[in-house]
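Okay, so here's the structure we're looking at.
The values are calculated or read from the model by the stated rules, or taken from the named source; none is laboratory data. Computed from a predicted model, the values in this text were never measured in an experiment. Backbone-built Cβ (ideal geometry, glycine too); neighbour counts: all protein chains shown. Areas reflect the complete protein model, heavy atoms only, side chains present, ligands, DNA and RNA absent. Shrake-Rupley method; radii C 1.70, N 1.55, O 1.52, S 1.80 Å.
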Amino acid sequence: MEPEAGTNRTAVAEFILLGLVQTEEMQSVVFVLLLFAYLVTIGGNLSILAAVLVEPKLHTPMYFFLGNLSVLDVGCITVTAPAMLGRLLSHKCTISYDACLSQLFFFHLLAGMDCFLLTAMAYDRFLAICRPLTYSTRMSQTVQRMLVAVSWTCAFTNALTHTIALTTLNFCGPSVINHFYCDLPQLFQLSCSSAQLNELLLFVAAAFMAVAPLVLISVSYAHVVAAVLQIRSAEGRKKAFSTCGSHLTVVGIFYGTGVFSYMRLGSVESSDKDKGVGVFMTVINPMLNPLIYSLRNTDVQGALCQLLVGKRSLT
């Protein structure tokens, strides 16, 4: 502790992260499982990214966005998993105040980028299925890069705003966070000054970063479904739906866990459940995404097979 009476700065120099489990036996199990999940996630997403880069058939807007999503998934799990693995090895549960804020910033940066990127992918499917004649011009390389650049800018602004706003709160103790990474709801509970403005900011940001993209995604797919149902060929309808099914699955998982995490601010009793949701958001979801996108996608499967057997190389 570093008390600073009469100032607006935090009196807490570090926080204690309780992690997922407390017993040493279970910590060993969690370490093995988390390390396995981390390696699988990194390997799976980098394989998808490599396939998108080297396979000419995948040089399309849809796979351009998918490659960006793979980069986000690698970043998302890297923000939380290595630090947790290090704490499990060292049995040191503390995290410095600055490191906690840095982790929070990068987590919200990547999560916000996810929201916008999933929206861009829905817009891409809308244009491809509902506006096929103008698709190449409306989704040119310039448009793709602009969508990604604007997404990064908005996500960066959102993450930076939350991080700066959090520095205005006072933390006098206790400094125990019943979680395995630093996030806003848990830090709001520890603040010894009012977090009402911060919660209001999170609510407003959620409307812009989550609700608005979800509405746009829903509208896009409402048009897609209407267009697909007009296709007379059953095979044509199946092919059209298959290109959208993977994306809708990812959207459902991502927004489902996000809503559960941030729509119950101030609920202390649910903190143990929040750990499970946190594992799903930061570990399971990034690990599942490569599987979801490659399971029913013959183009991705073919590119991965060629990459694995060495028929194509990154050079």
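Brief remarks follow.
- Accessible area of the chain belonging to carbon and sulfur atoms, whole % at 1.4 Å probe: 67
- Ranked by how many other beta carbons lie within 10 Å on average, peptides 105-114, 202-211 from highest: 105-114, 202-211
- Restricting attention to the chain, the count of lysine pairs at 8 or more positions apart or across chains with alpha carbons under 21 Å apart stands at 4.
- On the principal axes of its alpha-carbon atoms, the range 159-205 has extents of 27, 22, 15 Å, going from largest to smallest.
- Converting phi to 3J(HN,Hα) with the Karplus coefficients 6.51, -1.76 and 1.60 and the offset θ = phi - 60°, the range 94-109 yields 8, 9, 5, 4, 5, 5, 5, 5, 5, 4, 4, 4, 5, 4, 6, 4 Hz in sequence order, with x at every glycine or proline.
- Residue-normalised accessible area of the chain, expressed per residue, 1.4 Å probe, Å²: 50
- Shown in residue order for the range 277-288 are the 3J(HN,Hα) couplings computed by the Karplus curve 6.51 cos²θ - 1.76 cosθ + 1.60 at θ = phi - 60°: 5, x, 4, 5, 5, 9, 10, 5, 4, x, 6, 7 Hz (x for Gly and Pro).
- Whole-Hz couplings from phi, Karplus 6.51/-1.76/1.60, listed for the range 85-92; x for Gly and Pro: 4, x, 5, 5, 6, 8, 6, 9
- Computed log10 I(q)/I(0) for the chain at 0.07, 0.08, 0.15 Å⁻¹: -0.32, -0.41, -1.23, from the Debye equation with unit scatterers placed on every C-alpha and solvent omitted.
- Ranked by the mean number of other Cβ atoms within 10 Å per residue, highest first, peptides 222-235, 184-197, 275-288 order as 275-288, 184-197, 222-235.
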